[in-house]
1. For the stretch 75-160, take N as its residue count and report Rg(C-alpha) divided by 2.2 N^0.38 Å.
2. Scattering from the C-alpha atoms of the chain alone, worked out with Debye: what is log10 I(q)/I(0) at q = 0.12, 0.20 1/Å?
3. At 222 nm, what value in deg cm²/dmol follows for the chain if DSSP H runs of at least 4 each add -39500 (n - 2.57) and the sum is divided by all its residues, to the nearest 500?
4. Would you list, by chain and number, the lysines whose Cα falls below 19 Å from the Cα of LYS29, excluding same-chain residues fewer than 8 positions away?
5. Let me check against my output: what whole-number percent is the relative contact order of the chain, with C-alpha pairs under 8 Å and at least 6 apart?
6. How big is the gap, in Å, between the Cα center of the stretch 86-116 and the Cα center of the stretch 128-151?
7. For VAL27, which sequence-distant residues (separation of 5 or more, or a different chain) have an amide H within less than 5 Å of its own amide H, given hydrogens modelled in the peptide plane?
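Quick note: the coordinates plus some simple rules give every number you see, no bench work behind them. Just so it is clear, the model here is predicted, and its values are computed rather than measured.
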Amino acid sequence: MPIIFVSALSETNEKVDGFELGAVDFVTKPYQREELLIRVRTHLEMTRLRNRLELLLDERTNELKASMLAFVTAIASTVEMRDPYTAGHQRRAAHLASAIARELQLLEDQIEGLNLASMVHDIGKIRVPAEILCKPGRLNELEFGLIKQHPEIGYEILKQ
């Protein structure tokens, strides 16, 4: 609810004090009734519009979050398709990271970010040949070296 101070006080520092206490307007006595009513209507309308804007912003933010989650899930699924030996690993890592973050009482935005990052933490495997990812048995030194590069490749892909 907007607060309008109506007072005989007219010094600038007194008005500033009123604004710092949360006032949206300051009317000095004597005042015209019509002017005060118009100011009240204007501030009520501004408050209504601000509340509507905040509601729309929340709705759009939630839509964007849902879209981002769907996109990240699709990317994670694509990476997992290339590496059947670790299928489900990224989702399990995200679940575990989120659980630890909650236990640490991180902010919800931080938990959401950690969840998204965990879901794509192996995206660098996209540059590792499928033959190496799916190779049964032990990897040679060169193949293992390529696997070890996937975190840096993932960083390069996601850093922007």
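1. 1.20
2. After summing over all Cα pairs, the log10 values are -0.71, -1.22.
3. -22000 deg cm²/dmol, from helical runs alone.
4. The reachable lysines, counting only those whose Cα sits under 19 Å from LYS29, are LYS15.
5. 17 percent
6. If you average the Cα positions of each part, the centres end up 27 Å apart.
7. The answer is PHE5, VAL6, SER7.
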